[in-house]
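Heads up: the structure comes next, in C-alpha cells.
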Amino acid sequence: MISQILTASIIGLEVYQIQVEVDVNNSLPSVSIVGLPDTSVNEAKERVRSAIKNSGYDFPNKKVVVNLAPADIKKMGSGYDLPIAVGILAKIGVIPNLNFENTAFIGELSLDGSLRAIPGVLPIAAGLKAQGITTIVLPFDNAKEAAIIEGLTILGAKNLVEIVNHFNTNLPEHTAIKPIKVNIQDFMQEKSEVNGYFDFKDVKGQLRAKKAMEIAAAGAHNLLMSGPPGSGKTLLAKCFPSILPPLTFEESIELTKIYSISSLVNPNKPLITHRPFRSVHHTASAIGIIGGGTNPKPGEITLAHRGVLFLDEFVEFPRQVLEVLRQPLEDGKVVIARAKMRLEFPSDFILLAAMNPCPCGYLGDNEKHCTCSEFQIKQYRAKLSGPLLDRIDIVIDVPRLKIDELMKKNDNDGETSEQIRERVIKARNIQLERYKDIGIYTNSNLTPKLIKKYCKLDSAGTDILKNAVNRFNLSARAYDRILKLARTIADLEESENILVSHIAQAVQYRSNI
C-alpha cells in the first residue's frame, strides 16, 4: 500500500492541492520523483535522504518512487521536501500510515532534518482551507503567518523529529506539537500611526501641491509633479504615505498574500499593516515593474497594490517601461500570459510621479534661465505618450521656493500630516459607506456606469465641464476622470452633491496635461 500525503502548489496567487504518493519497490536503491517537477523539486531527493538519516531514521535501501499528482501542474520550489519525507517515513512504518485526508504538509528540509521557512504560506493556507483542509504542518518560522487564517489548526515544527513524535503516539518520547494561535489585533496598526514617515509640517510652502496630494490620497488618484530641481518634489512624495488611511483587515490580508509569495514577510510580524510605498529607480526593467519571469512573480506595481508606486525622474524611464503601466492603471490588475499559463496579479495602486519640465530642468523658472531648445523640449516630453498622461488625474507645477519662504523659521500655517490624514480618513470612510454594497473602495475605482449614478451634476457644473472638454480637447476617459476627481473633492468637503467649485477645481488639475 502506497502512502499518500497532501501538500500544495502555488502558481501566481492560485493554490492547487497536490497529492504526494510514495511507493518503495524491491529494486536497485534510487529515488525517482515524477509529476512535472522542476530542478528545485528534483533536488529534494538529496535533501530528504540526508534529513531522514541525520534525524536518526533509516532511509530505505530500495527504489523509492515519488509521484506528485496531478501531473499536469508544474511543481516548483522546495516546499515539497517535508511531504516527501513524511510519505517515505509513513511507507516504511516510522510514522503510522494514518488517514491524513484533511492534513497538509509543506516545508523545506535542511540536511540535518531541521525545517526552513518557505514563501507563499499565507495564500497556501487560505487556499487549502477553501479546499477542505483543516490542519497544516509546516516550519515553525511560518506558523504565525499561516495562523492568520482562522479556522485552521496550524502545527509549527522545528525539525523532522518533532513531526515523527507528534504522530507516533506509541513512542515513549511522544510529544504533541501545540497548535499556533495569533491575535490579529496585535499586528494591526493604530489609525493615528504616522511614525517613520516624513511629515508635511516640515515642507515649507507648496500649499497647492499639498492640497493636490490630499485629494490624491483621499480618492486614490494618480498624480504627476513637474518642477525645477530642488523645488521639493521628492520630499513631498516621501511625505505622501503619512497621510494615507490605515489598511482595512481585508486589504491587509490581500497585501500579505502578495508579499508572502515574494518572500517579503517578517516571520515575527507577518501581517502587512502599512500601505506600501514602492520607489523605483529609472533603470528598472519592464519585467521588474510589471512582474513575470520563468517562475512568474509579482512586479513593483503589484507590490504597490493598495498603496503607492513612486517614479522619480519620470521621463528618464524608457518609454517601453512606462507604456506597460497603461493597462494596470486602467484595470487595477495585470495579466501575465505564458505559453502554458495565464496569471493575474492585482495592481490597484496610486501612481505618484515627479519630473523636470525640460532636460535642463529650468523651463518656466523665474530665477534661472532655461537653456533647452524647442526641439529638445519636445523630444524630452515625447517620452510620455498621450494615452499614459490621459490616465493621470492630477498634474501640478511645483515651483521653486522664494528665499523668504525657504528661510522662514516658523511656518505656523503649515499643517501636520496627522491633520491632513484625519480629513483623508473621513473622505475614505464616506466612500467605503457609499460603495459598501458594490465591492469598491475609492472614487478612482468607479466605472462609467457608476459615475452616472454617483457623480451627477447640476446645469452650471455641466456647462463648466462642457466648456473644459471643448477648450482642452479632452478625451472621454479624461471626462470620466474629472468627474471622479470632483467627487473626491466634494467628499473632502463632506458635500453630498458635486458643486460648481468642485468641478472647476478638478478641471484645473487636468488643464496642465
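Annotation for the stretch 25-43: no member residue is closer than 20 Å to Ser263 by Cα and in a strand (DSSP E or B). Kindly check whether there is at least one residue in the stretch 167-190 that is under 30 Å from Ile394 (Cα atoms) and at pLDDT below 90. Looking through the stretch 167-190, at least one residue is under 30 Å from Ile394 (Cα atoms) and at pLDDT below 90. Scanning the stretch 231-268 for residues that are among the β-branched types (Val, Ile, Thr), buried (at least 19 other Cβ atoms within 10 Å of the Cβ) and in a loop (DSSP other than H, G, I, E, B) yields a count of 1. When the stretch 196-230 is filtered for residues that are in a loop (DSSP other than H, G, I, E, B) and either in contact with a helix residue (DSSP H, G or I) (Cβ under 8 Å, 6 or more places away or on another chain) or among the β-branched types (Val, Ile, Thr) (or both), the ones remaining, listed by number, are Tyr197, Phe198, Asp199, Val203, Lys204, Gly205, Gln206, Ala220, His221, Asn222, Gly227. In the stretch 387-403, the qualifying residues are those that are in a loop (DSSP other than H, G, I, E, B) and either free of Cβ contacts under 8 Å to residues at least 40 places away in the same chain or among the charged types (D, E, K, R) (or both), and the one that is surrounded by the fewest Cβ atoms within 10 Å (Cβ to Cβ) is Lys402. Being in a loop (DSSP other than H, G, I, E, B), over 29 Å from Thr447 (Cα atoms) and at pLDDT 90 or above is the requirement here; does Leu384 meet it? Spelling it out, it is not the case that Leu384 is in a loop (DSSP other than H, G, I, E, B), over 29 Å from Thr447 (Cα atoms) and at pLDDT 90 or above.
Within the stretch 446-494, how many residues turn out to be in a helix (DSSP H, G or I), of a type in the set (A, V, I, L, M) and either buried (at least 19 other Cβ atoms within 10 Å of the Cβ) or in contact (Cβ under 8 Å) with a residue 24 or more places away in the chain (or both)?
Qualifying residue count, the stretch 446-494: 13.
Taken over the stretch 331-360, the criterion of being at pLDDT below 95 and β-branched (Val, Ile, Thr) is satisfied by Val334, Val335, Ile336. The set of residues from the stretch 328-370 being in contact with a Ser or Thr (Cβ under 6 Å, 6 or more places away or on another chain), under 20 Å from Pro276 (Cβ atoms) and not in a strand (DSSP E or B) comprises Pro328, Ser347. Scan Ile95, Ile73, Ile84 and give me the residue that is crowded, with 18+ Cβ neighbours inside 10 Å, out of contact with any Lys or Arg (no Cβ under 7 Å at 6 or more places or on another chain) and in a loop (DSSP other than H, G, I, E, B). Of the residues listed, the single one that is crowded, with 18+ Cβ neighbours inside 10 Å, out of contact with any Lys or Arg (no Cβ under 7 Å at 6 or more places or on another chain) and in a loop (DSSP other than H, G, I, E, B) is Ile95. Do we have Ile425 as among the β-branched types (Val, Ile, Thr), assigned by TED's automatic domain parsing to the domain that holds Glu367 and assigned to a loop (DSSP other than H, G, I, E, B) here? For Ile425, the condition - among the β-branched types (Val, Ile, Thr), assigned by TED's automatic domain parsing to the domain that holds Glu367 and assigned to a loop (DSSP other than H, G, I, E, B) - is not met.
Every residue, every condition in (1) modelled with pLDDT under 95; (2) in contact with a Gly (Cβ under 8 Å, 6 or more places away or on another chain); (3) closer than 27 Å to Glu162 by Cβ, yes or no:
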residue: Val34; (1), (2), (3): no, no, no
residue: Asn54; (1), (2), (3): no, yes, yes
residue: Val64; (1), (2), (3): no, no, yes
residue: Asn67; (1), (2), (3): no, yes, yes
residue: Lys75; (1), (2), (3): yes, yes, yes
residue: Asp81; (1), (2), (3): no, yes, yes
residue: Ile84; (1), (2), (3): no, no, yes
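I'd like to check something: does the stretch 312-330 contain any residue that is in contact (Cβ under 8 Å) with a residue 24 or more places away in the chain, closer than 30 Å to Val182 by Cβ and in contact with a His (Cβ under 8 Å, 6 or more places away or on another chain)? Checked the stretch 312-330: no residue is in contact (Cβ under 8 Å) with a residue 24 or more places away in the chain, closer than 30 Å to Val182 by Cβ and in contact with a His (Cβ under 8 Å, 6 or more places away or on another chain). Checking Leu325, Leu271 one by one, the residue that is of a type outside the set (S, T, N, Q), crowded, with 23+ Cβ neighbours inside 10 Å, at negative phi and outside the structural domain of Ile420 (by TED's automatic domain parsing) is Leu271 and no other.
The values are calculated or read from the model by the stated rules, or taken from the named source; none is laboratory data. Fair warning: this is a prediction, and the values are worked out from it, not measured in the lab. Every residue, glycine among them, receives a Cβ derived from its backbone with ideal geometry; neighbour counts consider all protein chains shown.
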